[in-house]
Amino acid sequence: MKCPFCAHVDDKVIDSREGRTGDTIRRRRECLKCGRRFTTYERIDEIPYMVIKKDGRVLSSMTHTLAADGKTQTIKGTGNKPDGTTDDFTVVMKKVSGGSGWGGTWEDTDVKFTSPDEWEIQAYEGDGLSFNTPAYKDTLSMKFDGKDYPVTGLPYADTVSVKRVGADTIQGTMKKGDKVVMTVTSKVSKDGKTRTSTFVGKDAQGRDVHNVVVYDKQ
C-alpha cells in the first residue's frame, strides 16, 4: 500500500477492525519510512451480473466475487442447455500472477455443478463408440482407427481421434486445424460403475487445462 504522505510502498498494520455492516475491514497502517499513519478500507469487490450469449441465446449468467485479499474469486452462475434444462455451478479460482484487483492470470481450483452432463455411450459399427449428450442434442460416433472425426460445439477443437490404450482405457486426441490442443484419457473402473476422464491441454483462450472428471453409471 503506497503511503499518501511520502509515496513509500512499505508499511505495517497496527490495527484491524471489521466495519459495522460486516462487509468492510478498516486497517490502521504506519509507513515504515516517514512513520505517519493512515487508514485504509478493504471490501469484497463484486461484479453484479454477467451474461454470456450466442446468436441471441443466453448460454449462462453469473456473478464474480473477488476476495478481500485479491487472491481468489468465486463464480456462481446458471448455465442454459439446448434442451431447456439448466444447471447451477460454482467455480473457485486462484490468482497465479498479476497485481491487485481483477487483472492477472487465474486458474480454477474447485468446480461444482448441481446438474452434471449426462452421456449415453453405445457400440458403433463393431470397433467403435457413439457418445450422445441428450441435453445438447449432439451425437459423436467414431471408430478406433486413428482417423480424425469432426466435432461440433467445442470452441477449442474441431476434430477428434480415439485409440485404445488398455482393456478399460481409451484416449482421445483433439485438434484445432492440424494442431493438437487437448488429450482426454478415459478409464472405466474395475466394477464398471464409474468413468474417470482426464483432460490435458489448452482451452479456447490458450490457458493450460488439467481437469479430472468422474462420471457415475446410472
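General observations
- Dipole-positive endmost among Gly101, Gly126, Pro116 within the range 84-142 (Cβ charges, Cα centre): Gly101
- Cβ-derived FRET efficiency at R0 22 Å, Ile52 paired with Asp110, nearest 0.05: 0.60
- Translational diffusion coefficient of the range 120-216 (Stokes-Einstein, Kirkwood radius from Cα pairs, 37 °C, 0.692 mPa s): 234 µm²/s.
- Note on Lys94 and Asp145: the extension gain reaches 14.4 nm, defined as 0.36 nm multiplied by sequence separation minus the Cα-Cα distance.
- Pairs beyond 19 Å (Cα-Cα), from Lys163/Lys217; Lys54/Lys179; Lys176/Lys202; Lys76/Lys112; Lys81/Lys112: Lys163/Lys217; Lys54/Lys179
- Assigned charges on the beta-carbon of Lys, Arg, Asp, Glu; the range 147-193 dipole about Cα centre (debye): 120
- Given charges at beta-carbon only (K, R positive; D, E negative), |dipole| of the chain in Debye: 1000
- Segment Phe38..Leu154, full-extension length gain: 36.6 nm, with 0.36 nm per residue of separation and the alpha-carbon distance subtracted.
- Residue-count net charge about Ile170 - beta-carbon cut-off 12 Å; Lys, Arg +1, Asp, Glu -1: +3
- Overall shape: prolate for the range 1-87, with the ratio a/c of the largest to smallest alpha carbon gyration tensor axis at 1.5 or above and a/b above b/c.
- Near Ser60: Cβ cut-off under 12 Å, other residues only, Lys/Arg at +1 and Asp/Glu at -1. The net charge is +3.
- Given their separation in residues at 0.36 nm each and the Cα-Cα distance between them, Asp87 and Arg26 gain 18.2 nm when the chain is fully extended.
- Placing unit charges on the Cβ atoms of the charged side chains and taking the dipole of the chain about its Cα centre, the candidate lying farthest along the positive direction among Ala157, Gly35, Ser141 is Gly35.
- Summing charges over neighbours of Trp106, with a neighbour being any other residue whose Cβ is under 11 Å away from its Cβ, gives +2 when K and R count +1 and D and E count -1.
- Qualifying GluC sites (Glu not before Pro) in the range 74-162, DSSP loop, other Cβ atoms within 10 Å at most 16: Glu118, Glu125
- Cα centre as origin, Lys/Arg/Asp/Glu Cβ charges: the range 1-75 dipole, Debye: 200
- Histogram of C-alpha separations across the chain, 10 Å bin width, %: 7, 22, 28, 17, 11, 9, 4, 0
A short reminder: the numbers here are calculations on the coordinates, not readings from a lab. Small disclaimer: the values here were computed from a predicted structure and weren't measured. All Cβ positions, even for glycine, are placed from backbone atoms using ideal geometry, and neighbour counts span all protein chains on display.
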